[in-house]
Structures are given as structure tokens and as C-alpha cells.
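A.B. asks: Submitted below is the structure of interest, expressed as C-alpha cells.
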Amino acid sequence: MRKILGLAATTAALALAASAAHATTFVGDYSATVNGSDPGLIIKTTDLPGAININLASVGSSATVNLFTIWTPETDVALFEDTVSKPISVLFSFTAPDTFGGVVAGDTYGVWGVAEKGHVSWDGPVILNFGNGGKLKVSLNDADFNKGYFGLTDGEKYGATIKGKFTLIAASAPEPATWAMMIAGFGLAGATLRRRRSANAAA
């Protein structure tokens, strides 16, 4: 009896361990929507990798990806025009391990004064749901860009790099095949137990 129960427990444990130990690969793309005309600081972005392909080994693990450079072609911050806060957003679209996505939103504006600059700030981490209960946290860094004295140092070269930090906060539940393996293990144990009982009764 103990051997049978041990076999069933081992089968279940191996199935769950195989599911938990398997790294989750996230493959996807992203696009930024920015303010492109007055009023407000005119913003441009330049994608860096242009795609996302990361492996997260377990719950709690994370990876950081350089997404794009943010910059302005303007040469100065107009006090009542470019200091107006304008929305910025980044749309993430994943194709693996599932089809899912979401938006991280924020604001951009110009800072006027002796030292002028552009600034981007994000509303905060966003949780994206995937698979069967999986959760991926996405956060972007705030940044200053095109800093200069008595004007902006214009151009892409003086922009800032926006990075995405991706953290696996909940793994997707085991696939049906994994559950099937566990159920088969328990079924095998039960069948063996019934056969032994029948044999003992006959004896």
C-alpha cells in the first residue's frame, strides 16, 4: 500500500516539478505613441531591439530590455507651450507563451529654466494576464532627456533610453497534458491496489 501511494505521489510531484521548472519564454513586440505636434514638447522615439524575446525561469525572476530612445527635435522649451503635459503610451503585444498584451501609459513635458530638459514619467507597473492564471508585471523607467543650458540639446544623440523590466509574478497553471499525467498516475496506483486486494481475497 505504501509503495503504491508513494508511486502516485512521485508521479504527481514529477509532473508538477516539470511544469514549475520549465522556463517561460515571452516573445512579443511593442510600439510607442507620443505627442508629435504643438502644443506640448514634440517627442520622437527610436526602437532599439524592436522586439522582445526573454526567458523567465521561475516566479519572481525578471529581465530588463532596452526598448527605445526618447528624444525631442526642439531646441528650447517654450514656457507656456512645451511645459504642458502630454500623454505617452507603449502597447505590448505578445505571441508567446500565449496571445496577450496591454498598455503602459505616462506623460511627457518640457522643463523650462536655465537648465532645460524633457521629462517622461510612467503611471506605474502594469500587470498583464496570460495563459491560465499567469501574470507578468511590466514597468518602465522615468527619465530626463535633451538636457541643456538656456535651451535643449536637441537630437536623438541626447535622448534617454527607456527600459522595460519584466517580472513573472504568477506562473500559468499546468497544461491539460500535465494534469492528465498526474491523473493517470493516480489511476495506475488505484488499479494496482484493486488487483492486489483481489489477489489477496482469492488466496
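The values are calculated or read from the model by the stated rules, or taken from the named source; none is laboratory data. Remember, it's a predicted structure, so these values are computed and weren't measured experimentally. All Cβ positions, glycine included, derive from the backbone under ideal geometry; neighbour counts span all protein chains shown.
A.B. asks: State which residue pairs qualify: first residue farther than 18 Å from residue 169 by Cβ and small (Gly, Ala, Ser) and inside the stretch 117-146, second residue surrounded by fewer than 15 Cβ atoms within 10 Å (Cβ to Cβ) and modelled with pLDDT of 95 or more in any location, beta carbons under 8 Å apart, and separation of 6 or more residues or different chains.
C.D. replies: Correct list of pairs: 118/144; 121/142; 143/161.
Residue-wise test of (1) of a type in the set (Val, Ile, Thr); (2) surrounded by fewer than 15 Cβ atoms within 10 Å (Cβ to Cβ); (3) at pLDDT 95 or above; (4) touching a Ser or Thr at 6+ places or on another chain (Cβ under 6 Å).
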| position | (1), (2), (3), (4) |
| --- | --- |
| 111 | yes, no, yes, no |
| 126 | yes, no, yes, no |
| 135 | no, no, yes, no |
| 144 | no, yes, yes, no |
| 153 | yes, no, yes, no |
| 159 | no, no, yes, yes |
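A.B. asks: Cβ-Cβ distance below 9 Å, separation of 6 or more or different chains: which pairs start in the stretch 88-115 with a residue that is free of Cβ contacts under 8 Å to residues at least 60 places away in the same chain and end on one that is basic (Lys, Arg) and surrounded by 14 or more Cβ atoms within 10 Å (Cβ to Cβ)?
C.D. replies: So the pair list comes out as 107/86; 111/117; 111/147; 115/147.
A.B. asks: Suppose we filter 60, 50, 36 for residues that are at pLDDT below 95, surrounded by fewer than 12 Cβ atoms within 10 Å (Cβ to Cβ) and of a type outside the set (A, V, I, L, M, F, W, C); which single one remains? Full working, then the answer.
C.D. replies: On the way: 60 fails: at pLDDT below 95; 36 fails: at pLDDT below 95.
None of the other options fit; the residue is 50.
Residues checked against (1) exposed (fewer than 15 other Cβ atoms within 10 Å of the Cβ); (2) under 20 Å from the mean Cα position of the chain (by Cα); (3) over 19 Å from residue 31 (Cβ atoms):
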site	(1), (2), (3)
99	yes, yes, no
115	yes, no, yes
140	no, yes, no
167	no, yes, yes
173	yes, yes, yes
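A.B. asks: Can you work out which of the residues in the stretch 54-74 that are part of a strand (DSSP E or B) and over 11 Å from the mean Cα position of the chain (by Cα) is nearest to residue 30 (Cα to Cα)?
C.D. replies: 67
A.B. asks: Further question: The conditions are (1) under 20 Å from residue 109 (Cβ atoms); (2) touching a residue at least 60 places away in the same chain (Cβ under 8 Å), and residue 28 fails exactly one of them. Which is it?
C.D. replies: Only one criterion in (1) under 20 Å from residue 109 (Cβ atoms); (2) touching a residue at least 60 places away in the same chain (Cβ under 8 Å) is unmet by residue 28, namely (1).
A.B. asks: Specify the residue that is nearest to the chain's Cα centre (by Cα); the eligible residues are those in the stretch 117-138 that are closer than 20 Å to residue 71 by Cα and part of a strand (DSSP E or B). Write out each step before concluding.
C.D. replies: Of the stretch 117-138, the ones closer than 20 Å to residue 71 by Cα are 117-123.
From what's left, part of a strand (DSSP E or B): 117-122.
Working: 117: 29, 118: 26, 119: 23, 120: 20, 121: 18, 122: 15 Å.
Checking each candidate, the answer is 122.
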